Amino acid sequence: MSIRVRVNGVEKELEVDPEMPLLWALRDVLGLTGTKFGCGQALCGACTVHLDGQVVRACVTPVSRAAGRAVTTIEGLSPDGSHPLQKAWVDLGVPQCGFCQAGQIMTAAALLAKKPKPTDADIDQSLAGNLCRCGTYNRIRAAVKKAAGVSEE
Ligand code: FES
Ligand code: FES
């Protein structure tokens, strides 16, 4: 079956099983490997992407749900890595192994789009579903605040 999806601003025609997880379509069909597979069960957030600006877990989202809609992955967040979150992530050296970080950034980007000046509680709440086995949570929070231009409380 053919499914049309706008991925990072470009129309794509995917010849895939409509039940295929969006994550497989992104990684295996389109070669966008920035989005990671962690648990496959909507438990870790490593696969977080935006669907029409809302965060979704791509591992449990059938690609058919994205038909006619816009998907944004970490590769599409900014053309040159200049999104304020990406800059703050680099400035503060947030990642350790890095595996969870694309998902963290995509969740944070959706938060800042909705709430440009989030509180600590907003950040903690919105990122609660994004797990980091390396425990970079404090740096993540600091980087979100830096990107938002809010000072540490
Ligand atoms: S891989 Fe999708 S939430 Fe863990
Ligand atoms: S940086 Fe290693 S899991 Fe988060």
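The values are calculated or read from the model by the stated rules, or taken from the named source; none is laboratory data. The structure presented is a predicted model; accordingly, all values stated were derived computationally and were not measured. Cβ atoms come from the backbone with ideal geometry, glycine included; neighbour counts cover every protein chain shown.
Hey, among the residues in the range 117-144 that are out of contact with any helix residue (DSSP H, G or I) (no Cβ under 7 Å at 6 or more places or on another chain) and either β-branched (Val, Ile, Thr) or assigned by TED's automatic domain parsing to the domain that holds Gln54 (or both), which one's nearest to ligand 2 (Cβ to nearest atom)?
Thr136
Give the number of residues within the range 10-24 that are closer than 21 Å to Pro79 by Cα and buried (at least 20 other Cβ atoms within 10 Å of the Cβ).
Step one: filter the range 10-24 for residues closer than 21 Å to Pro79 by Cα, giving 10-12, 23.
Now drop any that are not buried (at least 20 other Cβ atoms within 10 Å of the Cβ), which leaves 23.
Final tally of qualifying residues: 1.
Please enumerate the residues belonging to the range 26-48 that are touching a residue at least 40 places away in the same chain (Cβ under 8 Å) and surrounded by 14 or more Cβ atoms within 10 Å (Cβ to Cβ). Give the steps one after another, and end with the answer.
Within the range 26-48, the subset touching a residue at least 40 places away in the same chain (Cβ under 8 Å) is 26, 32, 34-36, 38, 43-48.
Hits for the range 26-48 are Leu26, Leu32, Gly34, Thr35, Lys36, Gly38, Cys44, Gly45, Ala46, Cys47, Thr48.
Could you grab me the full set of residues in the range 37-60 that are more than 9 Å from ligand 1 (Cβ to nearest atom) and part of a loop (DSSP other than H, G, I, E, B)?
Restricting attention to the range 37-60, the residues satisfying the condition of being more than 9 Å from ligand 1 (Cβ to nearest atom) are 49-56.
Residues satisfying the conditions are Asp52, Gly53.
Can you pull out every residue in the range 82-98 that is within 16 Å of ligand 2 (Cβ to nearest atom) and in a loop (DSSP other than H, G, I, E, B)?
Scanning the range 82-98 gives Leu92, Gly93, Val94, Pro95, Gln96, Cys97, Gly98.
Going residue by residue through the range 99-110, is there one that turns out to be under 15 Å from Leu77 (Cβ atoms), within 17 Å of the chain's Cα centre (by Cα) and away from ligand 2 (no atom under 16 Å from the Cβ)? If you could, list the steps in order and put the result at the bottom.
Here is the first cut: in the range 99-110, the residues under 15 Å from Leu77 (Cβ atoms) are 101-110.
Next cut, within 17 Å of the chain's Cα centre (by Cα) only: 101-110.
Still in the list and also away from ligand 2 (no atom under 16 Å from the Cβ): 109-110.
Yes: the range 99-110 contains one or more residues that are under 15 Å from Leu77 (Cβ atoms), within 17 Å of the chain's Cα centre (by Cα) and away from ligand 2 (no atom under 16 Å from the Cβ).
Is it true that some residue in the range 61-70 is over 27 Å from Arg4 (Cβ atoms) and out of contact with any Pro (no Cβ under 9 Å at 6 or more places or on another chain)? Step through it out loud before you land on a result.
Just the residues of the range 61-70 that are over 27 Å from Arg4 (Cβ atoms), to begin with: none.
No, every residue in the range 61-70 fails to be over 27 Å from Arg4 (Cβ atoms) and out of contact with any Pro (no Cβ under 9 Å at 6 or more places or on another chain).
Among the residues in the range 68-81, are any at pLDDT 95 or above, more than 16 Å from Leu32 (Cβ to Cβ) and not in a loop (DSSP other than H, G, I, E, B)?
No, there is no match, as no residue in the range 68-81 is at pLDDT 95 or above, more than 16 Å from Leu32 (Cβ to Cβ) and not in a loop (DSSP other than H, G, I, E, B).
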